[in-house]
Each structure stands twice: as structure tokens, then as C-alpha cells.
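The values are calculated or read from the model by the stated rules, or taken from the named source; none is laboratory data. The structure presented is a predicted model; accordingly, all values stated were derived computationally and were not measured. All Cβ positions, even for glycine, are placed from backbone atoms using ideal geometry, and neighbour counts span all protein chains on display. Side chains included, ligands, DNA and RNA excluded: accessible areas come from the protein's heavy atoms. Shrake-Rupley method; radii C 1.70, N 1.55, O 1.52, S 1.80 Å.
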Amino acid sequence: MMERAESAQKLYTRMRLWEFPDEYVIEPTDGSSSSLLAVSRVDGSMKLIGGVPECSSLRVPKIRTIFGVVGMLKLVAGSYLIVISERECVGSYLGHPIFKISSLKVLPCDHSLKNSSAEQKKVETEFSGLLSVAERTCGLYFSYDTNLTLSAQRLHDLGDESKLLPLWRQAEPRFLWNNYMLEVLIDNKLDPYLLPVVQGSFQNFQAAIGKDIIEVTLFARRCTRRNGTRMWRRGADPDGYVANFVESEQIVHLNGFTTSFVQVRGSMPFLWEQIVNLTYKPKFEIVKSEDAPQVAERHFLDLRKKYGFVLAVDLVNKHGGEGRLSEKFASAMQHIISDDVRYLHFDFHKICGHIHFERLSILYDQIADFLEKSGYLLLNEKDEKIKEQIGVVRTNCIDCLDRTNVTQSMIGRRMLEIQLRRIGVFGAEETISSHPNFDESFKILWANHGDDISIQYSGTPALKGDFVRCGQRTAQGILKDGWNALARYYFNNFSDGIKQDAIDLLHGHYIVSVSRDMTPPSQTGGLENIASFPLALSLVLAGFFFSMMSLWQVRYDLRHLFFSIIWASITVAIAAFVRANGRIFCNRPRLHKPRH
């Protein structure tokens with residue numbers, strides 16, 4: 001089992017939060033004999049103090065238990081401290097406990113607003129409202145003892161000096177969810193309070209294979225560079241950072257051996273987007289087409305530095321709107337392809353359709369040589385590296401969710417079988433399917449993994465999850481996919497805009513400043529002030545109702561035919577107006593920021 005060298009200072013694991021009228025006081029209660037942290041409720045300033053201030057007999061402070069400080073955000077006039085109010089231990093990562101955040105609490109330090117202008121107060125209220133969205137962020141994990149932002153291989157390769165550093169200094173910035181929020185604590189040199197948090201998924205199970213007990217863990221790390229929601233974050237930015245970039249690591253512990261295999265997913269690495277306009281599938285738009293080769297090159301250069309050899313597997317359709325994107329991707333890859341970087345297109349829908357996912361074996365046959373070349377991490381009982389992973393498969397579809405998860409689960413399954421044969425647990429022809437209980441647990445592992453990643457990006461569980469979970473498409477699964485597709489449509493059009501604003505605020509992609517445009521995020525003009533999709537939908541339904549009522553009365557009086565036509569015309573006109581002005585009726589991100 002991999003061990004982490006003792007760092008200079010331990011993180012506090014349990015604290016008591018005292019809420020005084022003028023300050024918050026955080027007192028470590030895990031046996032640490034250290035100073036307390038006082039945070040001013042006036043301006044958010046921080047200082048260490050020797051003990052809890054004396055309480056006024058007239059006003060007893062509220063006391064609650066917290067389990068970590070996530071960070072602080074500064075808005076126009078106030079600051080906001082974010083703490084972990086509830087946690088759940090969900091397992092262990094390389095022998096260390098890992099916790100999932102069950103509840104976040106935002107604590108305002110905004111008493112200085114009393115001296116602010118009316119305009120500043122209005123803007124502050126608008127922005128602070130986004131923090132309630134942030135409190136509902138899902139899929140957040142942390143550990144007090146080990147660095148969750150690094151894969152097992154990178155953690156094993158850390159030098160002794162690096163292992164002695166505080167966890168936040170060891171962390172990989174792109175996977176550090178609270179990277180921006182920690183800056184104030186870092187400036188105040190509060191290492192024992194600096195808790196790194198990762199967004200992603202953590203799933204694991206134990207199963208018996210004969211007399212052997214195997215533990216399988218699947219851990220996802222979401223990149224924060226271009227984080228966001230499905231329709232509002234597509235493609236890449238000019239620096240080559242892509243939307244929905246997730247590193248998935250499959251770890252196995254068995255008979256003292258540890259194996260690790262890493263895959264990545266991410267949007268097609270050039271500038272493209274879909275403008276939400278109430279249509280079910282908005283048109284794909286390629287932005288700055290001439291820059292695609294340079295953006296893709298930056299993306300793959302970064303992957304080469306971090307993972308070694310790269311095989312890009314593109315699963316999108318060859319024709320239609322997806323085909324245009326695939327063609328641009330293939331074109332951008334032409335001058336990047338080398339011995340180190342390969343590109344493979346596999347038309348998932350054409351080859352596998354909607355039910356024949358077993359045909360992914362065709363894809364596996366095409367990439368088997370690369371998987372053998374890139375390998376995986378293998379550590380023996382003495383924690384010595386026997387084998388290492390020197391390459392990565394990068395998979396994408398349009399959303400990098402449904403087709404991608406089915407494909408990655410297939411690759412993960414094949415690699416696990418190879419690893420078990422290498423360790424000597426499986427025979428030459430033995431497969432995971434030979435062990436029904438193990439097989440079922442493995443399918444559930446990857447299905448839950450896909451659902452977690454999908455919920456964070458699209459708002460719903462993954463489509464095609466029944467195949468990953470059950471090994472075949474089912475009628476119930478197809479019906480569930482239909483429901484989730486409708487839910488995605490609703491979220492994309494009517495709720496993800498606000499969620500995107502909250503994400504941009506949390507990650508510092510939009511920094512609030514008094515000197516910036518003081519227009520609050522929801523203040524707009526013209527038609528947008530009165531445009532409301534619920535109102536429009538109500539009018540359409542009312543028009544439809546009166547049309548049908550008038551039509552029903554035609555048998556008694558032909559004049560009702562005229563009224564029916566009038567009501568139908570009004571209904572069609574309203575529906576056409578909503579369709580033509582879809583972007584106005586959608587809930588779009590409102591923060592003033594660059595397009596990419």
C-alpha cells in the first residue's frame with residue numbers, strides 16, 4: 001500500500017464554529033493544540049488568536065461543528081466564507097480515508113455593506129444569490145491525509161521533499177476545485193486550514209475471486225480550467241483547455257499488488273459552440289475555424305507532457321452536424337499526428353446503433369496495440385514499481401458522456417482482465433464475465449461513475465446507462481433515456497445559465513470588482529425584461545384549450561369555427577414568436593465575460 005510521508009503540518013479534521021456578532025471563530029477540536037482562526041464579519045479579514053473570546057451574557061453565540069474550510073470569495077463589498085457542514089466517509093484511496101461533502105455552508109462577512117452605495121448593495125445581492133447555487137454543488141471529495149488530485153502513479157513518483165509539503169502545495173491545480181477560493185487562506189499562511197477539494201466521482205467495491213479478495217476503485221477528477229454546464233461550455237478555449245475534461249482512474253488492490261489505469265475524456269479541442277435557442281438540438285457553430293490546428297496542438301502538447309503517448313478516439317457521427325465537427329477535428333489533427341499522438345475515428349452510432357454495443361469489440365481490436373504499448377501502473381507488495389503507464393486513451397463524443405462512458409467502461413474492463421492475468425489471478429482465457437458477482441459489481445461501478453459525471457455536466461444521469469449497468473439495452477433503460485433527454489432539454493434552456501454564472505464565480509473565471517461594469521447579472525433591457533418561458537407556455541396552452549373548446553362547439557353553432565380558427569392562429573403566432581426568439585426566453589449566463 002502506498003504511504004505518504006508525514007507532512008510538516010496536519011490538516012484539522014473537526015472544528016467548532018463560533019458565530020459572534022462581529023466575527024466567526026474557528027476552533028480545532030480534533031486534539032490539535034493550535035491557535036484559533038478569527039474571521040471578521042465586517043470585511044473578511046483573518047487572524048490567529050489564542051482562545052475563544054468571552055461571550056456576552058446578552059447574546060450567546062451560535063455554535064456548530066464543521067469539517068473543513070473550502071475557501072473564501074470576495075464580491076463587490078463583502079466576503080463569503082465557505083465551510084463543510086456535513087461529510088460522509090465513502091471509502092479509502094490508497095489506504096487513506098476519503099470523504100464526500102454532503103453539505104456546504106456559505107457564511108457572509110458583509111457588514112461593510114452598511115456603508116456601501118445603493119448600487120453596490122444591489123449588485124452584491126445579485127452576486128451573493130449565486131452562492132446559494134454553489135452550496136448545491138455535487139460530487140465534491142476530499143482527504144485530510146493524501147493528495148486526491150494526483151493519480152496513483154504521479155503520487156508514487158513524488159519526491160520525498162514534495163511529499164513533505166502541505167497537501168495544497170502538492171496539488172495539481174487543474175483538478176483542485178477550490179483553487180481560486182483558497183487564495184485568501186494561502187495569503188494568510190493558514191496551512192492547517194487549507195483543504196484541497198476535488199470534483200468528480202468515487203466508486204469502489206470488494207468481491208471474491210476464488211480465495212482472493214479484490215478491491216476495485218474508480219475515481220474521476222474533473223478539470224476546472226473550462227468547467228461548466230453542457231450547452232454553455234463546449235469545445236476548447238484558445239489555450240487548448242477543453243470542456244468536460246475528466247480523468248478517470250481505475251485502481252485495483254489484490255494480494256498486496258496495486259494497479260492503476262488512467263483514461264481521459266474531453267470535448268473536441270477547437271473553438272465550437274451551440275447557442276441555446278429552445279430547439280432540441282441547437283446548430284453546431286465552429287468559431288474561428290482558422291485557429292483550430294493551433295488550439296488542438298496546444299491541447300495535445302499539454303496531454304503529451306502529462307500522460308505520454310496519446311490516442312484520441314473520436315466517437316461522433318460521420319455525417320450531419322456532428323460530421324462537420326468530426327471533419328474539423330480530423331483536419332486539425334493532420335499536422336499533430338506522430339509516433340506519439342494518434343487519431344482514430346469510430347462512428348459509434350453507425351457501427352453500434354442504439355442496442356448493439358457489443359460491437360465495441362471492433363474498436364478494441366483497433367486500439368489493442370496502443371493499450372499494450374501504453375501499459376498501466378503495477379506496484380508489488382513492497383510498493384516497488386514493476387510497470388508504469390506511459391500513454392493515455394482520450395475519448396470524446398459530443399457531450400463526452402453517454403457514448404464515451406460506454407466506451408471507457410469497455411476499455412476499463414479489458415485492461416482489468418489483462419492486469420488480473422498479469423498478477424496470476426486469471427487464466428489465459430478467463431474473463432470478468434466468468435465471475436457473475438464480480439461482473440455485476442463492475443458494471444454497477446462504471447454505471448454509477450458515468451451517472452455522476454453526467455449529472456455534473458448535463459444535470460441528468462448518463463444515457464445508455466442500462467448497457468453499462470446490465471450488459472444489454474432494456475425497454476426500461478430506453479424509456480429512462482427519453483425522460484433524461486427531456487430533462488436535459490429543460491436544464492439546458494431554463495436553469496443552466498444561472499448555474500454557469502455560479503461556476504464562473506467560484507473558479508475565478510469572472511472576478512467581481514467595483515471598477516468593472518456594475519450592471520448586475522440579471523439586469524437586462526427591452527423584451528428580455530418581460531420574456532418568460534412559463535408565461536409563453538401558459539399562453540400557448542390557453543390558446544390550444546380555447547381552440548379545442550371552440551371546435552367542440554362547432555356542432556351547435558358554425559360561428560364557433562371562426563373563433564376556433566382565431567384562437568388557433570393566436571396560438572401558432574405565439575409559438576412561432578417563442579421559436580424565433582428562443583435565445584431571449586432561455587436562461588442564459590449573464591456575467592460579462594469573453595465568449596471563449
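Points to keep in mind about this one:
- Some residue of the stretch 106-127 being under 30 Å from Asn204 (Cα atoms) and either touching a helix residue (DSSP H, G or I) at 6+ places or on another chain (Cβ under 9 Å) or of a type in the set (Ser, Thr, Tyr) (or both): no
- Figure legend. Inter-residue proximity from the stretch 18-32: first residues outside any strand (DSSP E or B), second residues of a type in the set (Asp, Glu) and open to solvent by less than 50 Å² (accessible area, probe 1.4 Å), beta-carbon distance below 7 Å, spacing 6+ or different chains. No pairs are indicated.
- Scan the stretch 466-493 for residues that are among the aliphatic types (A, V, I, L, M) and surrounded by 19 or more Cβ atoms within 10 Å (Cβ to Cβ) and the total you get is 1.
- Ala292 being buried (at least 19 other Cβ atoms within 10 Å of the Cβ) and in a helix (DSSP H, G or I): yes
- Number of positions in the stretch 142-194 that are in contact with a strand residue (DSSP E or B) (Cβ under 7 Å, 6 or more places away or on another chain) and acidic (Asp, Glu): 1
- Among the strands (runs of 3 or more DSSP E) confined to the stretch 347-437, the ones with at least 1 residues that are of a type outside the set (Gly, Ala, Ser), over 12 Å from Phe261 (Cβ atoms) and touching a His at 6+ places or on another chain (Cβ under 8 Å) are located at 377-379, 385-387.
- Test result for Val264, within 24 Å of Arg324 (Cα to Cα) and either in contact with a Pro (Cβ under 8 Å, 6 or more places away or on another chain) or among the small types (Gly, Ala, Ser) (or both): no
- Looking only at the stretch 218-246, and only at residues there that are farther than 29 Å from Phe494 by Cα and open to solvent by less than 10 Å² (accessible area, probe 1.4 Å), the one that is farthest from the chain's Cα centre (by Cα): Leu218
- Among the residues of the stretch 452-465, the ones that are crowded, with 21+ Cβ neighbours inside 10 Å and part of a helix (DSSP H, G or I) come to 7 in all.
- Of the residues in the stretch 73-80, none is without any contact (Cβ under 8 Å) to a residue 40 or more places away in the chain and open to solvent by 60 Å² or more (accessible area, probe 1.4 Å).
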